[in-house]
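See below for the structure under consideration.
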Amino acid sequence: MGQIICYGEDALTYWAITSKLGDILRTLGDNSYPSATIIIYRPSFGRRGSIGTHANEEQLSAEFGEFDTILGTQQAVYLVESKWDSSPKTRNYWITLKNAQSRRHEIMRWYLNTWRMSQPKDWITFVAQQETTFQALFPGNKLAPADSRLAQNLEFFLNSLGKCGDHVQDVLLFFGQASSLKPVGVKPNSFKLVILEYKPLISSGYFQIQNLGTG
């Protein structure tokens, strides 16, 4: 029988959303059906983040990074980062996210809430109405230009999640072996911590995420 064997956070995230989604939702207090959940795996909104508070117009960036996954249910939208126990930790430790990661979540929350409230007829209208406010809130960034692929992707993404719950929740998925120390929390504290255990293959850091049928 064939196997899919993987390594790292991306593979563990895929395993979690395809095999442990019910456990994740229960931990988050969400009683939505897993089968009705919108799952967006590794959504990218450009690799560049903010480039500082003193950027001029030519240097402003519309890109704000990649999420490990985003989940949409009847109750909420979950913006998810993933971490795993790839290095030893001390007891009672906290996971502290980088500023660029926290900012990515703030920007996406703004997009989700503002798009829902303003209900623009198209992206051109959205930019005309919101650009000044956005740049004041997120110095160094600008809204995605109307003729860009990023704008097309964002508009599709925001419309796809339009029927999900109003609440937007930051989530940290932590993957640990049974014997590894687990974090006690996440900074910033807007993130909810979800801990999942995985079992690596013997004498390795690799793990199996799926068996393949024989025919």
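The values are calculated or read from the model by the stated rules, or taken from the named source; none is laboratory data. Since this is a predicted model, take the numbers as computed values, not measurements. Counting neighbours? That spans all protein chains shown, and the Cβs are built from the backbone with ideal geometry, glycine included.
For residues in the range 113-135 being touching an Asp or Glu at 6+ places or on another chain (Cβ under 9 Å) and either in contact (Cβ under 8 Å) with a residue 40 or more places away in the chain or aromatic (F, W, Y) (or both), which is surrounded by the fewest Cβ atoms within 10 Å (Cβ to Cβ)?
Within the range 113-135, the match that is surrounded by the fewest Cβ atoms within 10 Å (Cβ to Cβ) is N113.
Give me the pairs, please: first residue somewhere in the range 157-171 and modelled with pLDDT under 95, second residue anywhere and in a loop (DSSP other than H, G, I, E, B), beta-carbon distance under 6 Å, and either six or more positions apart or on two chains.
As it stands, the answer is none, since no pair meets every condition given.
I'd like to verify a number: residues in the range 151-188 that are surrounded by 12 or more Cβ atoms within 10 Å (Cβ to Cβ), charged (D, E, K, R) and in contact with a Lys or Arg (Cβ under 8 Å, 6 or more places away or on another chain), how many?
1
What number of residues in the range 16-37 are touching a residue at least 60 places away in the same chain (Cβ under 8 Å) and basic (K, R)?
Total satisfying the criteria: 1.
Output the number of the condition that P200 fails; it satisfies all remaining conditions of (1) at pLDDT below 95; (2) within 28 Å of I95 (Cα to Cα); (3) assigned to a strand (DSSP E or B).
(3)
Looking only at the range 1-31, which residues are part of a loop (DSSP other than H, G, I, E, B) and farther than 15 Å from I70 by Cα?
Scanning the range 1-31 gives M1, Y7, G8, G29, N31.
Using the structure shown, decide if W94 is among the aromatic types (F, W, Y), touching a strand residue (DSSP E or B) at 6+ places or on another chain (Cβ under 7 Å) and surrounded by fewer than 18 Cβ atoms within 10 Å (Cβ to Cβ).
The answer is yes for W94.
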